[in-house]
1. So between A:Asp598 and A:Thr547, what do we pick up on full extension, going 0.36 nm a residue minus the alpha carbon distance?
2. Can you tell me, using C-alpha contacts under 8 Å and at least 6 residues apart, the relative contact order of the range B:50-153 as a whole percent?
3. How shielded is A:220-229 by partner chains, expressed as the average number of their Cβ atoms within 10 Å of its Cβ atoms?
4. Based on the alpha carbon coordinates of the range B:459-519, what radius of gyration and maximum Cα-Cα distance (Dmax) apply, in Å?
5. What order do you get for B:368-374, B:286-292, B:301-307 when each peptide is scored by the mean count of other beta carbon atoms within 10 Å, highest first?
6. Any idea what the relative contact order of chain B is, in percent, if you count C-alpha pairs under 8 Å spaced at least 6 apart?
7. Express in whole angstrom the spacing between the alpha-carbon centres of the range B:537-611 and the range B:475-510.
8. Taking square-rooted eigenvalues a ≥ b ≥ c of the alpha carbon gyration tensor, is the range B:71-140 rounded, prolate or oblate, where a/c under 1.5 means rounded and, failing that, a/b exceeding b/c means prolate?
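The values are calculated or read from the model by the stated rules, or taken from the named source; none is laboratory data. None of the values given here were measured: they were computed from a predicted structure. Methodologically, a virtual Cβ is constructed for each residue, glycine included, from the backbone with ideal geometry; neighbour enumeration extends over all protein chains shown. Ligands, DNA and RNA are stripped out before the accessible areas are found, and what is left, the full protein with its side chains, is counted by its heavy atoms. Shrake-Rupley method; radii C 1.70, N 1.55, O 1.52, S 1.80 Å.
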There are 2 protein chains.
Amino acid sequence: MTQLDERPAAAAATTDTADPASAWLATFEDALTARDVSRAAGLFAATSFWRDLVSFTWNITTVENPDGVADLLGANLDRVDPSGFRLSEPATTEDGVTTAWFEFETAVGRGRGLARIIDEDGPKAWTFLTTMHELKGHEEPRGVRRPMGAEHGANKSRVTWLEKRQAEDATLGAEAQPYVLVVGGGQGGIALGARLRQLGVPSLVIDKHPRPGDQWRKRYKSLCLHDPVWYDHLPYLKFPDNWPVFAPKDKVGDWLEFYTRVMEVPYWSSTVATKASYDEATGEWTVEVEREGMPLVLRPTHLVLATGMSGKPNIPDIPGMDVFRGEQHHSSQHPGPDAYAGKKVVVIGSNNSAFDICGALWEHDADVTMVQRSSTHIVKSDTLMDIGLGDLYSERALAAGVTTEKADLIFASLPYRIMHEFQKPLYDQMRERDRDFYDRMEAAGFDLDWGDDGSGLFMKYLRRGSGYYIDVGAAELVADGEVKLAKGQVDHLTETSVVLADGTELEADLVVYATGYGSMNGWAADLISQEVADRVGKVWGLGSDTTKDPGPWEGEQRNMWKPTQQENLWFHGGNLHQSRHYSLYLALQLKARHVGIDTPVYRLQEVHHLG
Amino acid sequence: MTQLDERPAAAAATTDTADPASAWLATFEDALTARDVSRAAGLFAATSFWRDLVSFTWNITTVENPDGVADLLGANLDRVDPSGFRLSEPATTEDGVTTAWFEFETAVGRGRGLARIIDEDGPKAWTFLTTMHELKGHEEPRGVRRPMGAEHGANKSRVTWLEKRQAEDATLGAEAQPYVLVVGGGQGGIALGARLRQLGVPSLVIDKHPRPGDQWRKRYKSLCLHDPVWYDHLPYLKFPDNWPVFAPKDKVGDWLEFYTRVMEVPYWSSTVATKASYDEATGEWTVEVEREGMPLVLRPTHLVLATGMSGKPNIPDIPGMDVFRGEQHHSSQHPGPDAYAGKKVVVIGSNNSAFDICGALWEHDADVTMVQRSSTHIVKSDTLMDIGLGDLYSERALAAGVTTEKADLIFASLPYRIMHEFQKPLYDQMRERDRDFYDRMEAAGFDLDWGDDGSGLFMKYLRRGSGYYIDVGAAELVADGEVKLAKGQVDHLTETSVVLADGTELEADLVVYATGYGSMNGWAADLISQEVADRVGKVWGLGSDTTKDPGPWEGEQRNMWKPTQQENLWFHGGNLHQSRHYSLYLALQLKARHVGIDTPVYRLQEVHHLG
């Protein structure tokens, strides 16, 4: 029970005014209490970052420097009425930076934060993270607040737990409308559904597959998670300590199904949403769904798209696709290698999906060619786990007291603006460690990159969600020539082949388009309208002005887990880590609206790109 | 990750020779290393107890006083070769008793222990618990040893996790025989199955119900666990912290079903064992089973009966049972109250099942009479939870650092010989707290008791597994006369009524025999032979020479979780706490045999009673 969010509030709090963190917090609170915005802003370093996860701003947003802090406080301070700042554990100082874990409260909620204090004419905040973890009066029924379960006494109108669940199932979507409809029941939808259930927000998660977990079960058979177990926990219920480091897809599928039932997530399988529209007058969505083929209409107040952060399959429009006589499909539709032994397969693309598919096809004796159209960033899985994640998510981290919850907040506390600077040295280490491997890849003609600024995989993930491969073995097949490598753009297809721009002709029985995905607002275009998709704009990316992540600078993931320009439309998703961590803030935003708490949004997402 | 069994061995160990515990441990180890049995025995108090859970004795046994210690060491010391005794956390002293958590190892395993040291001409052990938690070279793949899951690299003969599981399912019971067959897949069988799986012992759990968890689902609908959540965890995977204090039966059923899947317990549903015999020459059981109606023969080396610690239903033989025209069944067969609204029901018995059934029938408007044949011990659930378990199993205990694992060892460290002395004051407190309630029960004519020696519910459970009711509300119905009370033995049944010894005639449409259960060796009689059942003798009970627990003193639960007089036949079960904790020691005994470690049993169970 060392989880950060399970610690009794009274336990570890300390206030040692001698250390710079305590002094800073006390001064900060004084300024806030006095509503002295400029004094509070003056406690931040000239270059500084305040990231807020819904506690001050009802948004996920980062402001920079004293000016930004003054703007945030000017807009929110009176309403938020923050107080009770105190260290939740002794602060530590290293290399002139004091790291301080703290707790605080606002008029409506309780928060946790992490500050890094430096000396710049006195103690100043360099990074400052504030997060809300619960709403006052709406605390989750956990630990000392857990439900009794048994209803003691004798009661002639007793309704059992099972009867309650059955009655709920029978009325949901008919007499009872979900306040929140979550479209997509992968790890994102399930994690959010669990949090909403726990918070008592009437919700429903729908998914097209027959069973929770099928999103994983139905993928190619050798698939395992590329992220390690410590990074992958869902909320409330951690994987047991015999869980594999990289869990096989079917085991993940079983866990998700188990989790959905145990957490009592209202979940409709074999259900697709076909059309949705929002009525501004009533503030309600009309969503047409088909549940096991039967049409019905749902009327939720909020609509969450959790259909995959990778968005809709990006299928290129290549001349000759209509004349090609073999099989062709997008990587997301690839059924796995079993049917392709002895076949010639051309895989267009050279990122994660392309490598995984090439590797599995090679294992099943297909004749595989990968077409690399642009450079790829590759990191070996073990190396990434060790150097990239090991300090936060590993047995080593746990032994050092860094629980998953603490790691999530440390991770969240690093401002996106400067995160690449922290990332670069890690990737320099990785490159050095696996230099032989990279030399062999280049010798095989493979074009490598490390991101526009050398900041590596995680920044690529945050900026564009593509452009990399976490190597679990298939890269060696390219280095060895077992999987053939072709390079350049695809010019056209013939009846039997793929022809590249340089004239190279690759015979093919099967063409796999491992060509990535569009922005998630493409889902909104399909389900709602192009108008709404355009109003919301591009989803994902930081505005880093790097490849596939055009500026201006956003400071946060565009449109993720926070209000969008379309009222009551939300986007949720990401990897298991993000699904776990950010589902909390999305759930609190929805809960607050459900119970009528005023939720003015500071710095609502602006739209600079349509998709 | 504060679980005791998850703590890295290197972490918290301290050796402070200034405290009496460290000094005692060092002296004890010196004596053991010198093989000086009498010096080691001399370190125990004149009245003292050494309880060993398989680490020294390959048995679950308690020896008493220096003589007993000398006997244990004389028989086992050379083989066990114990060493490395050290405190695992600083010892604490209160009221002259120093409590010391320690670690140690033996020739084949690693152990944990808990000693209470008193001053009796120098530091002497008063209670001394030694437990084995792992076998050297057979450590469980958990934490830093967890499996990788993904098999990195490219491999043309790759077999996925799912394919492995499917192949295993296809061959188990045919080409591949389980080394251990566990009959009964309730919480006991499942917990043991999970541990054996984790230890790599080829095993199979069979159960008659269609799905794991049906053992709970199929019981009466208002049933909730009578023990609180902190006491009820299964091994490896704790209930999440939103789990109800007293979980409803269907929720427990769902948990067991998914636990079985997630822990990959080999489990055959809809399977009954019909006949078993042991071949001493081959050391193998022949077990006839029917799996979904299809007969097949299994040949396990070990047979574990986990069919319920309450054993076979005890149905009285009452004159007139053959002429009674209404419905009659044992409480274990009771389908719940729904069909009995408006009916006259006589429930014979006044323990847990009787009260639960009477309460549910009353809630469904049956006309219910309870027949009390002998006195009953009643404790209110809230009171029991607070006073009886709160120091070990509660949020309060967790906040004080008493994890479930630690609580289990504290519990295990209290010698059965003197446990009643620790229990009595708790029950005195309970009686005082709920005096009004007890007065009302007595005023209603109900006969109460507190155990032969006033030691209350837990001792009754350990001694006889019966004679009490944990009140969740139905007792008030008796106090209020809503459930009618009749008293005395049943003389006979007529066509339409139950007639008591005093001539009282109770009209009945339904008679429920809430008359308890026989000893678990009754299962062996049915499945194997009466001869084997008699050879094994009575199961459960301590030999306390109290009602339904005849002497001589055994010192441990008879025949539970340890070798019996029938080679390779084992009994497993108990409540969720016991299923969790003792499954470890049973699993280690089976694992040791599977890998050929010498397991001479010290003080094999003697048989004094047949059932």
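1. The span from A:Asp598 to A:Thr547 would gain 14.5 nm if fully extended.
2. Relative contact order for the range B:50-153 comes out at 23 percent.
3. 3
4. 14.3, 40
5. Answer by packing, highest mean first, reads B:301-307, B:368-374, B:286-292.
6. 16 percent
7. 39 Å
8. It comes out oblate by the Cα gyration axes.
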